Amino acid sequence: MNYHEQYKYLDDIVQGNVIEGRKDITTTVRNYLSKSFKASNVAERKFEYFQQIKKEQANIIKELSTTNNWWFNAFENFQYLTEGGEAKVYLSNLGTKVLKINDAIYYNTWLDFFNSILLHNYYFTNTHYNLLGFVETNNILYAALEQAYVNANKLTDFENVKTYLNTNEFLHKKRYDFINKKYGITLEDVHDENVLTFNDTLFFIDTFFSL
């Protein structure tokens, strides 16, 4: 993308506009939701309100998944690896990819989740998320995300992280959080478990964005 296209892409995400010219599932679902909902920019004090919005969005995603055959069930290509607060993680049989089954628990709404994925893919292309589809277990909706497997061979230096993010106009805010004031984007959880180093290259694997 040239500079104008980059600016428009980020501006469309921040402003809640439809992103034109992309057919991937992430953008398609995000565009659909953005027509009826706005990204949240308030804290968890409205938890019950956002839970209702999230439930409504989940129902829409389920309908879209059935209509477009987006339900994921190819677990035979992966082996269970581990799980954390937001995702179950599987390693591909070839050992080159990880599958993350994510219920978006750290996000107020599913729209916030998809905006975060799109921003991640824009800024961190070497750990691009590929949305393979959706999974439903016990009435809980999960996104099935594929990402490159990174085997770190060096401890991550936080100063290197700050330098790298500064080049992308993200300033250190506090602890492990950064902010891009130009676009009003916050990047959170930027610590050494979520940013790995391999051959002096940084790989952001589990950080998340909010508007």
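Where a number appears in this text, it was derived from the coordinates with a stated rule and is not lab data. Please read all numbers here as calculations on a predicted model, not as lab measurements. In this analysis, Cβ positions are derived from the backbone assuming ideal geometry, glycine residues included, and neighbour counts consider all displayed protein chains.
Miscellaneous remarks
- For the chain, a simple Cβ point-charge model (Lys and Arg +1, Asp and Glu -1, everything else neutral) yields a dipole of about 460 debye relative to the Cα centre.
- Highest mean packing comes first when the peptides 135-146, 115-126 are listed by Cβ atoms within 10 Å, giving 115-126, 135-146.
- Taking 20 Å as the limit for the C-alpha separation, the pairs LYS46/LYS182; LYS23/LYS182; LYS38/LYS162; LYS97/LYS173; LYS8/LYS182; LYS162/LYS182 exceed it in the case of LYS46/LYS182; LYS23/LYS182; LYS38/LYS162; LYS97/LYS173.
- Relative contact order computed over the range 91-211 (Cα-Cα under 8 Å; 6+ residues apart), in percent: 24
- Listed residues THR28, VAL14, ALA58: farthest to the positive end of the dipole of the chain (Cβ charges): VAL14
- For the chain, the normalised intensity computed at q = 0.12, 0.14, 0.18 Å⁻¹ comes to -0.64, -0.90, -1.48 (log10 of I(q)/I(0), Debye sum over alpha carbons, equal scatterers, no solvent).
- In percent, rounded to a whole number, the relative contact order of the range 158-210 is 25, using alpha-carbon pairs under 8 Å and six or more apart.
- Helix-derived mean residue ellipticity, 222 nm - over the chain, DSSP H n ≥ 4, -39500 (n - 2.57), to 500: -10500 deg cm²/dmol
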